[in-house]
Amino acid sequence: MTTIHTLGFPRMGAQRELKFALERHWRGEIDAAELEGVGRALRARHWQLQREAGLDFVSVGDFAYYDHVANHIQLFGCEPVRFGFTGQEASLARYFTLARGVAQESGASGEGRPALEMTKWFDTNYHYLVPEFTSESTFSLADERLFTEVAEAQSHGHPVKAVLLGPLSFLWLGKEKEANFDRLNLLERLLPVYEQVLARLKSMGVEWVQVDEPILGLDLPPSWRQAFEPTYTRLSVVGISLMLATYFSPLQENLSLACRLPVKGLHVDGVRAAREIAAVADWLPSHKVLSVGVVDGRNIWRTDLDEVLRQIKALRNTSTHALWLAPSCSLLHVPFSVQGEAGLDEEIRDWLAFAVEKLHELRVLKQALAGDVAAEGPLAQSRQAIQSRRSSPRVNNPKVTERLAGLSADADRRLSAFPIRQAAQRERFSLPLLPTTTIGSFPQTAEIRAARAAFKRDELSAADYEKAMKKEIAHAVAEQEKLDIDVLVHGEAERNDMVEYFGEQLAGFCFTGNGWVQSYGSRCVKPPIIFGDVSRPTPMTVAWSSYAQSLTQKPMKGMLTGPITILQWSFVRDDQPRSTTAAQIALSIRDEVCDLEKAGIGIIQIDEPAIREGLPLRREAWREYLSWATRAFRLSASGVADDTQIHTHMCYSEFNDILPEIAAMDADVITIETSRSDMELLDAFGKFKYPNEIGPGVYDIHSPRVPSVEEMERLLKKALETIPAGNLWVNPDCGLKTRGWPETNAALQNMVTATKALRTTLA
Ligand code: GLN
Ligand code: ZN
């Protein structure tokens with residue numbers, strides 16, 4: 001008999017019930033008891049779904065009101081001292097304080113407390129709250145939530161598998177808040193609490209605990225690798241069955257280590273580490289359970305069940321392990337159910353499996369492996385869907401394939417080297433020294449949103465919508481002229497989202513109505529689905545940019561989202577390499593770039609804020625990724641003449657380890673975030689002798705604060721220490737769409753004043 005289980009389930013609910021309850025609670029509309037009621041009902045429903053799908057256990061411990069790492073911070077009693085909790089506060093109130101901070105009070109005594117830092121959970125778009133550690137950190141079993149939830153599931157009669165983040169991953173994901181201190185030193189203090197937790201679970205009759213150690217898929221320093229054996233030797237003494245769960249990345253040099261740890265079972269990611277399964281089966285002692293994640297927990301496609309059955313049968317021939325099947329990772333990263341997609345095209349809908357459907361796939365696999373005839377119907381249905389997806393003319397567009405195959409070797413190269421282009425562009429635009437510009441968006445006011453919403457609901461005609469947007473564009477242009485900015489933008493009023501806007505106009509994309517995935521806390525995103533070959537039927541931005549250019553003598557910058565960012569923020573097809581899909585998107589953007597150029601737009605920005613987050617978890621895989629990612633960018637950018645200026649923008653500042661690749665993108669101008677790090681990053685650009693022009697952000701757009709002229713002048717002077725004046729641009733850190741007009745105008749005014757003052761000293 002095969003056992004089936006899931007590593008975790010989405011928390012938000014079919015209709016994002018948790019999101020709405022959380023937000024009502026934060027607004028003070030419902031109390032904690034009512035919120036807890038919503039949580040309890042969601043858990044009950046989600047466990048019921050797991051049982052209905054025939055799972056042998058329900059997973060308990062994956063639920064969270066904000067984030068599961070934050071749950072562990074409370075469970076282990078390591079809330080940072082800086083929050084000043086007295087212990088009198090309710091645990092949920094403290095929890096939301098950790099997650100959301102305390103706003104600065106206006107009174108003299110009031111001191112805000114910033115929330116825990118948030119960062120990306122491995123290479124997903126889920127953000128966790130970062131534990132803070134110092135040499136003073138202590139741990140104790142301090143929270144009952146996990147045990148309450150276990151009892152809850154048991155009271156419904158469910159067999160329970162509890163889920164915990166493992167001690168090494170928990171420490172690894174935290175951050176040291178003290179110099180010269182290694183958080184690994186806290187392991188000794190932390191382990192007794194894990195022992196207590198496991199003992200409690202055992203006393204409650206829980207048979208299995210899934211302990212997640214995803215860091216086994218990372219490049220670990222030796223001290224961390226060495227810590228695994230003693231840690232798990234200690235935890236094994238408790239005498240509860242541990243399923244060590246790894247996911248997201250191959251184990252590689254940690255494979256034999258993972259196999260020999262004294263735990264009852266090992267889960268491996270059968271999608272991202274498919275090639276390792278045979279080796280794991282080989283290394284794993286035969287008395288242990290082998291859990292294989294055969295259903296992709298990171299994507300929305302139906303599983304090819306025949307293919308999985310073939311692999312499992314082959315595995316069965318060579319290994320005698322008790323076999324468990326599961327999704328590759330927690331289902332947290334996929335939407336709830338395809339049932340919610342009434343509006344999707346039926347053929348495409350049939351290709352998809354969200355969380356609920358993925359559970360059912362496990363059931364069919366289990367039945368098929370047991371020779372149960374009940375599997376036959378669903379297997380046939382699945383086969384048919386897989387066939388339809390493979391052969392559908394909507395997926396396959398021979399023109400796109402031919403175009404890609406026919407690209408010349410230098411299709412991703414500009415006509416001339418940068419110095420020649422720079423001279424041509426100087427000649428064409430005659431910009432002043434230290435040209436000023438912005439990153440693209442101007443404030444998305446309530447009127448803009450209302451107009452767009454009305455247009456989408458068919459309450460505003462296309463003509464009236466266009467009129468409303470043109471008015472916004474004209475306003476943005478007029479403001480920029482008043483400010484005397486050198487290179488203008490149209491302001492992106494017509495864009496809801498920088499990926500969705502393009503996805504909606506590209507062939508090969510579709511959009512779900514309800515395919516929400518948690519990003520952080522109550523925030524969810526609805527990524528587009530790239531199901532087929534991508535092409536651009538008609539121009540997407542030319543009319544707006546041309547209109548904006550018609551209003552001014554100054555150069556108007558065209559504004560596009562780059563291929564890697566579009567790829568990274570979508571669910572991507574799994575039937576061809578990501579690099580191929582990236583190249584297809586790149587060619588579509590290239591078409592747009594060329595059309596903008598033809599329409600007289602001489603400066604075009606291709607945003608790539610997501611290039612860095614696409615980096616593989618394993619460093620050895622970076623080079624390959626960066627090579628196709630930068631090629632995709634160049635493909636999109638290189639169809640233009642020397643005197644057309646290509647900008648790119650990235651809004652983060654960790655470039656040090658990928659500078660050569662950033663340079664290889666060969667954008668004429670790059671704008672980046674630097675104000676929050678006090679231009680520190682520029683050292684790296686300076687040392688590297690970054691050859692092209694660069695606009696380090698001189699002010700932080702994440703806050704309404706208006707920086708002074710002196711502040712920005714100081715930052716610019718600092719930038720001039722590493723960047724030659726002739727290559728330096730002046731701009732904010734990122735787009736302004738979340739800001740209001742008054743602070744935007746004030747900040748940009750100061751930015752221009754600072755620039756002009758500095759110019760006089762350089763002339
Ligand atoms: N052009 C986009 C804007 O200004 C860039 C957004 C981003 O970098 N995330 O909003
Ligand atoms: Zn940005």
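Values quoted throughout were computed directly from the atomic coordinates according to the rules given, and no laboratory measurement underlies them. The model shown is predicted, which means the values in this text are computed figures rather than measured ones. Glycine also receives a Cβ, built like all others from the backbone with ideal geometry; neighbour counts cover every protein chain displayed.
Given the Cα atoms of the chain, and with Rh set as the inverse mean 1/r over their pairs in the Kirkwood sense, what is Rg to Rh to two decimals?
On the Cα set of the chain, Rg over Rh gives 0.97.
Pairing the Cα long axis of helix 446-456 with the longest principal axis of the chain, what angle in degrees results, from 0 to 90 and rounded to the nearest 10?
On a 0 to 90 degree scale, this one is about 70.
What FRET efficiency, computed as 1/(1 + (r/R0)^6) with R0 = 51 Å and r the Cβ-Cβ distance, is obtained for residue 181 and residue 689, rounded to the nearest 0.05?
Here the calculated transfer efficiency is 0.90.
Would you kindly enumerate the cysteines in the chain that have no other Cys beta-carbon under 4.7 Å from their beta-carbon?
Within the chain, the cysteines lacking a partner Cβ under 4.7 Å are 78, 259, 329, 510, 524, 594.
Assuming R0 = 45 Å, what is the FRET efficiency of residue 652 and residue 409, from their Cβ-Cβ distance, to the nearest 0.05?
Calculated value: 0.90.
Per 5 Å bin, what percent of the C-alpha pairs of region 301-345 does each bin hold, from zero upward?
5, 14, 20, 18, 16, 12, 7, 5, 3, 0
For the chain, find the longest principal axis of its Cα atoms and tell me its angle to the long axis of helix 418-429, 0 to 90°, nearest 10.
The angle comes out near 50 degrees.
Write out the GluC sites (Glu not before Pro) in region 712-763 meeting two conditions: DSSP loop, and at most 10 other Cβ atoms within 10 Å of their Cβ.
Passing both the DSSP loop test and the Cβ count: 721.
Report P(r) for region 354-495: all Cα-Cα distances, bin width 5 Å, range 0 to the bin holding the largest distance, values in whole percent.
That works out to 2, 7, 9, 8, 7, 7, 9, 12, 12, 8, 6, 5, 4, 2, 1, 0, in percent per bin.
Could you state the per residue volume, in Å³, of the convex hull enclosing the Cα atoms of region 206-329?
97
Using the alpha-carbon centroid of each, what span in Å lies between region 33-69 and region 179-226?
After rounding, the separation between the Cα centres reads 24 Å.
Starting from the Cα gyration tensor of region 135-265, multiply each eigenvalue by 5, take the square root, and state the resulting semi-axes largest first in whole Å.
In descending order, the three semi-axes are 25, 19, 13 Å.
Taking the Cβ of residue 393 as the center, what net charge do the other residues with Cβ under 14 Å away carry, scoring Lys and Arg +1 and Asp and Glu -1?
After counting each charged neighbour, the total is +1.
Okay, which of region 284-299 sit inside 12 Å, backbone N to the point 7 Å along the Cα-Cβ direction of residue 624?
Of the residues in region 284-299, none has backbone N under 12 Å from the label point off residue 624.
Under 9 Å from the Cβ of residue 539, count the other residues' Cβ atoms, weight Lys and Arg +1, Asp and Glu -1, and hand me the total.
-2
Order these peptides, 187-193, 756-762, 43-49, by their mean beta-carbon neighbour count within 10 angstrom, highest first.
The densest-packed peptide leads the list: 43-49, 187-193, 756-762.
Over the alpha-carbon set of region 539-601, divide Rg by the Kirkwood Rh and report the Rg/Rh ratio to two decimals.
Using Cα coordinates only, the ratio equals 1.11.
With viscosity set to 0.890 mPa s and temperature to 25 °C, compute the Stokes-Einstein D of region 439-574, Rh being the Kirkwood radius across alpha carbon pairs; µm²/s, no decimals.
150
Starting from the Kirkwood Rh over alpha-carbon pairs, what translational D in µm² s⁻¹ does region 36-161 have by Stokes-Einstein at 37 °C and 0.692 mPa s?
This corresponds to a translational diffusion coefficient of 200 µm²/s.
Over all alpha-carbon pairs in region 364-424, figure out the percentage whose distance exceeds 18 Å.
Tail fraction, whole percent: 66.
Just round it to a whole percent: the fraction of Cα-Cα distances in region 324-407 exceeding 18 Å.
Tail of P(r) above 18 Å: 58 percent of Cα pairs.
Please give, to one decimal in nm, the separation of the simple spin-label points placed at residue 402 and residue 274, each 7 Å out from Cα toward the Cβ.
3.0
Which of the peptides 156-168, 374-386 is most tightly packed, and how do the rest follow, judged by the mean count of other Cβ atoms within 10 Å per residue?
156-168, 374-386
Only Cα pairs under 8 Å and at least 6 apart count here; give the relative contact order of region 637-745 as a rounded whole percent.
Taking the mean separation of contacting Cα pairs over the length of region 637-745, I get 27 percent.
Kirkwood Rh over alpha-carbon pairs of region 593-727, then Stokes-Einstein at 10 °C and 1.306 mPa s: what D in µm² s⁻¹, rounded to an integer?
The calculation lands on 99 µm²/s.
Where does each of 14-26, 506-518, 597-609 land if you order them by average Cβ count within 10 Å, highest first?
Answer by packing, highest mean first, reads 597-609, 506-518, 14-26.
Treating the angle as unsigned and between 0 and 90°, give the value, to the nearest 10°, between the Cα long axis of helix 187-203 and the longest Cα principal axis of the chain.
Tilt relative to the chain: about 50 degrees.
Output the Kirkwood hydrodynamic radius of region 264-322, Cα pairs only, in Å rounded to one decimal.
Radius from the Kirkwood sum: 11.9 Å.
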